[in-house]
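K.L.:
Sharing a structure below in structure tokens format, with a few things to ask.
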Amino acid sequence: MTQPIPNLQSPISNLSFYRFVSYAYAGLVHAVATRHGGVSEAPWATLNLGGSVKDSPASVSENHERLCAALDIPRAWLVTAHLTHSANVARVTQADRGRLFEATDGLITDAPQVYLIMCYADCTPVLFFDPVRRAVGIAHAGWRGTLALVAQRTALAMVDQFGCEPANIRAAIGPAIGPCCYEVGDEVVAETRTIFGDGAEGILPVGPRRRHLDLWAANRAQLQAVGVQHVETAEICTACHVDDYFSHRAEAGRTGRFGAVIGLR
């Protein structure tokens, strides 16, 4: 489960974010922002962090400033990526602070004072933390990224680059469109069955008209398959909770993007 943390340091009282219970470690900074507490106007109201949705650049910039102030981190130390629903994962160092990685949907770092941020509106935020090797990661997993195993590839990149043991990695699956709302077509169903084999039926619940896709379960399964034992899932559907989160599907594409952040002080 997640817990809402109203941020008392924010310049605006209703800026709030969610933290995972299993991430209560000294020196670990993480948050999944809600859509509250920013300056963007409808349909991006209000804490839109996405720069590609035709919102005012000045508003998006101010929203980033507010979130960073809320988390007490310098904005200049953020690192993000141009998301393309890929399984590409990049290692981040302090030299990359302020950088936008191209065509990347997974970021990892073991460098302190580097904060990884990605934006979402139904796609799945997947966060990673290894308290033994002191390394973190973040992934963006829509259906394409999920079926490309981007979460699994991010965990394995931490193993390869930092010597992490999968059993030590604590993964956290944030708010995303849930199996209750995510109806998918035959092509997605077929590809899911190809990727997940016998386990596919457990992540393809039958809906009123067509199959649905359980992104939470699909990402959890691919992580467990490589030995990641600790996976906390928010189980918050963004399409059901547009009062707190942006949802591309529920809002017919006219919406903003909320952000997830993780890093080490």
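K.L.:
Could you let me know the centre-to-centre spacing of the range 216-265 and the range 143-215, using Cα atoms, in angstrom?
P.N.:
If we compute the Cα centre of each part, the gap is 11 Å.
K.L.:
Also, quick follow-up: Highest mean first, what order results for 124-132, 235-243 on Cβ atoms within 10 Å?
P.N.:
124-132, 235-243
Here, each number is a calculation from the coordinates, and none is a lab measurement. This structure is a prediction, so every number in the text was calculated from the model and none was measured. Heads up, the Cβs are rebuilt from the backbone with ideal geometry, glycines too, and the neighbour counts pull from every protein chain shown.
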